Number of protein chains: 2
Amino acid sequence: MEPKRSKEASGGSGRPRGRVFAFPPSPQRGVALYLQVADQLRGRIDSGELAPGDQLPPEVELADGFGVSRHTVRQALRHLRDRGYLASRQGKGSTVRDRKRGLQVNPVIGSINDLVQFASETVLKPVSVVEEPAGAEVAELLDLEPERSRVVRINGLRCERDGAVFGYTKVYVPVELAKGLRAETIHSVPIYAQVERNSGIEVAGVEQRISAGGADEELVEHLGLEPHEPVLKISRLYYATGGAPVEFAESFHPPSAFEYVIHLRKGF
Amino acid sequence: MEPKRSKEASGGSGRPRGRVFAFPPSPQRGVALYLQVADQLRGRIDSGELAPGDQLPPEVELADGFGVSRHTVRQALRHLRDRGYLASRQGKGSTVRDRKRGLQVNPVIGSINDLVQFASETVLKPVSVVEEPAGAEVAELLDLEPERSRVVRINGLRCERDGAVFGYTKVYVPVELAKGLRAETIHSVPIYAQVERNSGIEVAGVEQRISAGGADEELVEHLGLEPHEPVLKISRLYYATGGAPVEFAESFHPPSAFEYVIHLRKGF
DNA sequence: TAGTGGTCTAGACCACGGC
DNA sequence: CCGTGGTCTAGACCACTAC
């Protein structure tokens, strides 16, 4: 017994005790233990120390190595499994999965939170920000008058936090809703979130259409592709509670750098 | 202590002891306790006894009512949360979600049932059915031994009921699971459904990866595309309850003929 | 038979939300 | 301050896989 530890963080933080898989410098306080464990493992995966196909040590061994209980290790593994990093099979073990950069729509529900999560893990590096008349297609989608209505268009590179580019995005926002858009925060704060905050309009949903296309000059230039090279095209229409469109975005991704993963499970 | 229970099922099954939320008739043996708890709760939700917006009893109370530990209750709640039935907030409690609206309805494909629906509305016109050794990639995905294991491969055209072709599909099934596959029914009965029926294995989920690629000779021939023309590529890995892969399928669609639409709505 | 993940219990402290 | 979900420990048995 005696689960006492006189803790300070959520549920307590760890004290190094194990060996091989222990926390290197010092466990962060204030962060859930299982997240620290998951981060450690994810780091080993991202760094290539654990390659796709590799088998993880048994849970009990991990628990011992990290100096945590097996339950905590399992929580960490579940976290990584949910995010596509691992696969586990009873009686066999857990193995590292091949995970391209991509949007994971998880368990069954693709909630908008997945999108938020995804956006917060990536960076939009603006290439151009212009105000212009809405073209026919954009006007149609945003419920504006073609040519007469004006939109703010933001083109930029989709990057990982480490700078790796995995896509090119064009975002269209009606000028009226783009008032408070700050160029300085575009790279880190999702545009739809800024629009939400500035306009008071709440984004209630997103309609995504996934298709394929060939690279045009713009993509060739910014993504270093060959002309007409196949790219994954994802267009998103954000709309407010009443159904009014708020923002339209098109993203283009080289298939080698991005994959859209959807998990469907048999419902009840 | 004394966690002994001399059980027969996985981790033991429950014995009615609680009151309000106890198991009515008799808990099924052989089914995980947390699934039985989840089923009970889901029943109350589906029947309307627990309506959207309603708050669930606290976890400790549920645990007491069902006569299980809080951990088991939490596992059940997580199960339901993952499936869009519930939302939980620290300090507040768990509430029933409006699953109709809260879940992204996907006009094309959204849950596994939509996939069934989709498959039943379309036709697979077989071009070739062959038995062959599993290649490296397919063996990896289906958890088979490369070259030694054999698979049945079915290539065919995806058509609307009216005959319009909108894609090309390659399906791989381990020979052991393909025994009862009848060529005559391939066009109308989804292959995974036939595998299910013949093998007794139940498909529990599907992992879909959406990407883009260029048309190869096979696609040029059967879909009438230009070489290297961009196509939408969707790979599906069907797996059974334990996670064992059952079937792998690759579909290729010209962007002009097929679009993947996903609708996300703001949950809590 | 041994190893590994899956399930379960009993009990405890912490953080958040509202009173 | 209290109630509720979130996290964590320690220990145990079961089921599936492979040897």
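The values are calculated or read from the model by the stated rules, or taken from the named source; none is laboratory data. Predicted, not measured: the structure shown is a model, and the values here were computed from it. Using ideal geometry, Cβ is built from the backbone for each residue, glycine included, and neighbour counts are taken over all protein chains shown. Surface accessibility is based on the protein's heavy atoms, side chains included, excluding ligands, DNA and RNA. Shrake-Rupley method; radii C 1.70, N 1.55, O 1.52, S 1.80 Å.
Work out from phi, with θ = phi - 60° and the Karplus expression 6.51 cos²θ - 1.76 cosθ + 1.60, the ³J(HN,Hα) of each residue of the range A:47-61, listed in order in whole Hz, and give x for Gly and Pro.
Ordered by residue, 3J(HN,Hα) equals 6, x, 4, 10, 8, x, x, 5, 9, 7, x, x, 4, 4, 5 Hz.
For the range B:112-253, calculate the relative contact order in percent as a whole number, restricting contacts to Cα pairs under 8 Å that are 6 or more residues apart.
Reported relative contact order: 23 percent.
Once each part is reduced to its C-alpha centroid, what is the distance from the range A:215-229 to the range B:190-268 in angstrom?
Comparing the Cα centres of the range A:215-229 and the range B:190-268, I get a distance of 27 Å.
Measuring from a point 7 Å out along Cα→Cβ, what nm distances, shortest first, does A:SER69 have to its partners in the other copies?
0.8
Note the full-extension length gain between B:GLU202 and B:SER47 as 0.36 nm times their separation in residues minus their Cα-Cα distance, in nm to one decimal.
Difference between extended and current length: 53.2 nm.
Quick one: label points 7 angstrom along Cα→Cβ at B:ARG150, distances to the other copies in nm, smallest first?
Distances to the matching label points in the other copies: 7.1 nm.
For the interface of chains A and B, what total accessible area is buried with a 1.4 Å probe, rounded to the nearest 100 Å²?
Looking at A and B, the buried total is near 4300 Å².
Once phi is turned into θ = phi - 60°, what whole-Hz ³J(HN,Hα) does the Karplus curve with 6.51, -1.76 and 1.60 give for every residue of the range A:257-262, x standing for Gly and Pro?
So the Karplus estimates, Gly and Pro as x, are 10, 8, 9, 9, 10, 10 Hz.
In units of 2.2 N^0.38 Å, what is the alpha-carbon radius of gyration of the range A:102-262?
After normalising by residue count via 2.2 N^0.38 Å, the value is 1.00.
DSSP loop (so not H, G, I, E, B), at most 15 other Cβ within 10 Å: list which GluC sites (Glu not before Pro) in the range A:182-227 pass both filters.
Passing sites in the range A:182-227 are A:GLU202.
Using the Karplus curve 6.51 cos²θ - 1.76 cosθ + 1.60 with θ = phi - 60°, what ³J(HN,Hα) values do you get for each residue of the range B:62-72, in whole Hz, with x for Gly and Pro?
Going residue by residue, I get 4, 4, 5, x, 7, x, 10, 7, 5, 4, 5 Hz, with x marking Gly and Pro.
Placing a label point 7 Å from Cα toward Cβ, how far apart in nm is B:GLY135 from its equivalents in the other copies, listed shortest first to one decimal?
When each copy's label point is compared with this one, the spacings are 3.7 nm.
Tell me, which residues of the range B:202-245 get at least 30 Å² less accessible area when the other protein chains come in, versus the chain alone (1.4 Å probe)?
Output list: B:ALA204, B:VAL206, B:GLU207, B:GLN208, B:ARG209, B:ILE210, B:SER211, B:ALA212, B:PRO230, B:LEU232, B:TYR239.
Which loop trypsin sites (Lys or Arg not before Pro) in the range A:129-159, with loop taken from DSSP, have no more than 14 other Cβ atoms within 10 angstrom of their Cβ?
A:ARG148
Heavy atoms of the protein only, probe of 1.4 Å, neighbouring chains included. What is the accessible area of A:GLU259 in Å², nearest 10?
About 20 Å², ignoring ligands and nucleic acids.
What is the calculated FRET efficiency for B:GLU147 to B:LYS125, with r their C-beta to C-beta distance and R₀ = 30 Å, to the nearest 0.05?
Efficiency, from the Cβ-Cβ distance: 0.50.
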